[in-house]
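The values are calculated or read from the model by the stated rules, or taken from the named source; none is laboratory data. Model, not experiment: these values are computed from the prediction. Cβ sites come from the backbone with ideal geometry, for glycine too, and all protein chains shown count toward neighbours.
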Amino acid sequence: MDSSQLRRHRATALTILAVAALYYATARLGLLQQLVRGQVTPLWPPTGIAVAALLLFGARVWPGIAVGALAVNISIGPTALSVLAIVVGNTVAPVFSYLLLSRAGFRDDLDRLQDALALVFLGALGPMLISATIGSSTLALSGALPAGGFWPTWSVWWTGDAMGVLVVTPFLLVARRARWPHAVGLLTWAEAAALAACTLTVTFLATIAGSSSLLFLVFPFLMWASFRFERAGAAPCALAISTLAILASGRMTGPFADHDLLTNMVTLQAFNGTVSLTALLLTAVVSERNRTHEEIQRLCGQLSDAVTHQDTGARRAPPDA
């Protein structure tokens, strides 16, 4: 084995370890909001990290997902066999998501409408049925769930994994490409600060109020972020809005009070799914519009230069004898 191959293997091993460490660390954070049996939560950030890692580094990092999932579940799983089954589900779901996205020609810069739709349906909603079904079935078969607890557990599991992809993955993909803006004026910074403050304030107030209809007051701010700051503004806003909504659902306060677990998960999934879908689709449309505008400007400039050059050549040409 030559030195270049050794460096590649070392880099791959370090990447796998980093994915495992991030998976474990964010899983511990996610478990702070557990709703079922100390291990099922309405937001599971590790799934978003797993899908983002696979998109950025390829399928070679899947052992990091498996190791991270094993480290998390080994202390909370009912039996060793149940832990292995849950680890398989938590690993297969993001890998399947990655394969579907790759087959669909997904681009991780999320600047096309088709990429936004692919992430929602091929990355989150569809493949996460695998982990939710395997995990909930495993808990039910092992006797860890009470009678009638399968569907509420399944709904929380699916919601948590899907929200991890819809909320965390876009944020990580945007953050990877983020660069410190050097040519941004003071007014733009002030606008960004106002956007952040308004989004957090309105979302917090909406999540402590009693009516679920007030949750949708956040959408004007999400549109503001998408049109003015594109992905760099919409992804953090969507993450903040979804996180505050999930915290409210975990406390069962505001619009999530006086409802059973399944009803709250349906409400939360509908709201967070709408938030993520709005952010992804709007930013994709705005990015495509801006690219089209820039291309038209470029072509107009080329046409103007060509016409100017032709006029100059015609004036310099000698008259006919």
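Some observations on this one:
- The requirement of being loosely packed, with under 15 Cβ neighbours inside 10 Å and modelled with pLDDT of 80 or more is satisfied by residue 220.
- Among the candidates 194, 245, 234, residue that is assigned to a helix (DSSP H, G or I), farther than 14 Å from residue 167 by Cβ and either without any contact (Cβ under 8 Å) to a residue 12 or more places away in the chain or of a type outside the set (Phe, Trp, Tyr) (or both): 194
- Among the numbered conditions (1) farther than 18 Å from residue 271 by Cα; (2) buried (at least 18 other Cβ atoms within 10 Å of the Cβ), the only one that residue 234 does not meet is (1).
- Within the range 78-125, tally of residues that are among the hydrophobic types (A, V, I, L, M, F, W, C) and not in a helix (DSSP H, G or I): 3
- From the options 197, 183, residue that is out of contact with any helix residue (DSSP H, G or I) (no Cβ under 9 Å at 6 or more places or on another chain) and under 21 Å from residue 111 (Cβ atoms): 183
- Residue satisfying condition, being more than 27 Å from residue 24 (Cβ to Cβ), modelled with pLDDT of 90 or more and either surrounded by 16 or more Cβ atoms within 10 Å (Cβ to Cβ) or in contact with a Cys (Cβ under 9 Å, 6 or more places away or on another chain) (or both), within set 132, 118: 118
- Matching option when the condition is in contact with a helix residue (DSSP H, G or I) (Cβ under 7 Å, 6 or more places away or on another chain), modelled with pLDDT under 85 and among the polar types (S, T, N, Q), among 283, 253, 207: 253
- Here residue 31 meets each of (1) at pLDDT 95 or above; (2) surrounded by 15 or more Cβ atoms within 10 Å (Cβ to Cβ) with one exception, condition (1).
- Some residue of the range 137-144 being of a type in the set (Ser, Thr, Tyr), part of a helix (DSSP H, G or I) and either within 30 Å of residue 89 (Cα to Cα) or modelled with pLDDT of 90 or more (or both): yes
- Only one of 92, 88 that is in contact with a Ser or Thr (Cβ under 8 Å, 6 or more places away or on another chain), surrounded by fewer than 22 Cβ atoms within 10 Å (Cβ to Cβ) and modelled with pLDDT of 95 or more: 92
- Look at the range 200-229: where a residue is among the basic types (Lys, Arg) and assigned to a helix (DSSP H, G or I) and a partner is surrounded by fewer than 19 Cβ atoms within 10 Å (Cβ to Cβ) and at pLDDT 90 or above, sitting 6+ places away or on another chain with Cβ atoms under 9 Å, you get 228/191; 228/192.
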